[in-house]
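Okay, structure first, notes after.
Please treat every number below as a calculation from the coordinates, not as lab data. All figures in this text were calculated on a predicted structure; none of them were measured in a lab. Positions of Cβ are backbone-derived with ideal geometry, glycine not excepted, and every protein chain shown enters the neighbour counts.
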């Protein structure tokens, strides 16, 4: 089969590799759509991901497709069914799983290889994080389940309420999802963006106000100016993964507010915090990572109800052979939000 193989920093090759053989409980899926994402771009730029992928390795993790074959012992799925399979599954037995923090599972099983004609789905994911896709939901839309599940967990853990003012720093795919879902939940959303085209995307996603930080003297002041009596936002979500944005977030939030450091910075990154402000303003600092089986199902319910659609995020389509050029374009900050990679084209 044809597949993308990650070899290192900005080094992805499209190669012929064997179709994976199935073991007990596993499923082989013919990929119909695999989506580019910020995490894959980060992996491409850095050449690895400490938790998810170590090269050389098959690449990509947001996808949906059709079951080609089932291994021995698979009971709830059969060939020909349309499915979305997530990129991980917890063990269900460790300390963190028993504490309902499955995203922190000590044996969290990751699966990569979506940028390929076929992908093997391990038994644990088949049993815990693979869902049937109705015929009226496109493969591209179904593939949004994984990032949306991460966003839903982030919002849940942050504790936003109807009527809150929520500032989202970043307008990549994840930032736009935070904007859209917070808007759906009844929040007033302020978006902080860098590029001109992101102003339009943020407003389309549901932001009532947009601050383009490249065109203001101080993004902190600009955000505070948009809040009642310049108190700051009830919640600030950092969805970029830059240390300066982490520091902005703390200064954009109101007394008693909450900051969610959702964007993961590079390994070894440190930020400076003003302890007096944190302590006397009772600011809550949160960081959320990944998803859980519960948020996966809640995300898929939003998709099934057509609250989130492929057309909200997917702005391009390309064959697997063009993956390298698509990733390079993303590095150069092109206008695309997400590109659907179609292996069969």
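Remarks
- Ranked by the mean number of other Cβ atoms within 10 Å per residue, highest first, peptides 243-250, 310-317 order as 243-250, 310-317.
- With Cα atoms, 0 to 90° folded angle of helix 293-304 axis to the chain main axis: 90
- The percentage of C-alpha pairs in the chain whose separation is greater than 36 Å is 19%.
- Of all beta bridges that DSSP places with both ends in the chain, some 55 percent have antiparallel geometry.
- Distance between the C-alpha centres of the stretch 226-282 and the stretch 306-325: 31 Å, rounded to the whole angstrom.
- Modelled FRET efficiency - R0 35 Å, residue 54 with residue 279, Cβ distances, 0.05 increments: 0.30
- Compactness of the stretch 115-167, expressed as Rg and Dmax over alpha-carbon positions, Å: 15.5, 45
- Relative contact order %, the chain, counting alpha carbon pairs below 8 Å whose residues are six or more apart: 18
- Stokes-Einstein, applied to the Kirkwood radius of the stretch 150-286 over Cα pairs at a viscosity of 0.890 mPa s and 25 °C, places its translational diffusion at 169 µm² s⁻¹.
- Inter-part distance where the stretch 147-204 and the stretch 99-140 are each reduced to a Cα centre, Å: 25
- Ranked by how many other beta carbons lie within 10 Å on average, peptides 116-128, 63-75 from highest: 116-128, 63-75
- Cα-Cα P(r), the stretch 205-345, percent of pairs per 10 Å interval: 10, 27, 33, 23, 6, 1
- With kT/(6 pi eta Rh) evaluated at 20 °C and eta = 1.002 mPa s, and Rh the Kirkwood radius from Cα pairs, the stretch 1-43 diffuses with a coefficient of 169 µm²/s according to Stokes-Einstein.
- Calculated P(r) of the stretch 1-154 - Cα pairs past 28 Å, %: 17
- Relative to the longest principal axis of the Cα atoms of the chain, helix 196-205 runs at roughly 80 degrees.
- Per-selection Rg to Rh, the stretch 199-239 - Cα, Kirkwood hydrodynamic radius: 0.96
- Rule-of-thumb Rg ratio for the stretch 30-110 [Cα; 2.2 N^0.38 Å; N residues]: 1.30
- 0 to 90° range, to nearest 10: angle between helix 145-158 axis and the chain longest Cα axis: 30
- Sorting 203-215, 79-91 by average packing, meaning the other beta carbons within 10 Å per residue, from highest down gives 79-91, 203-215.
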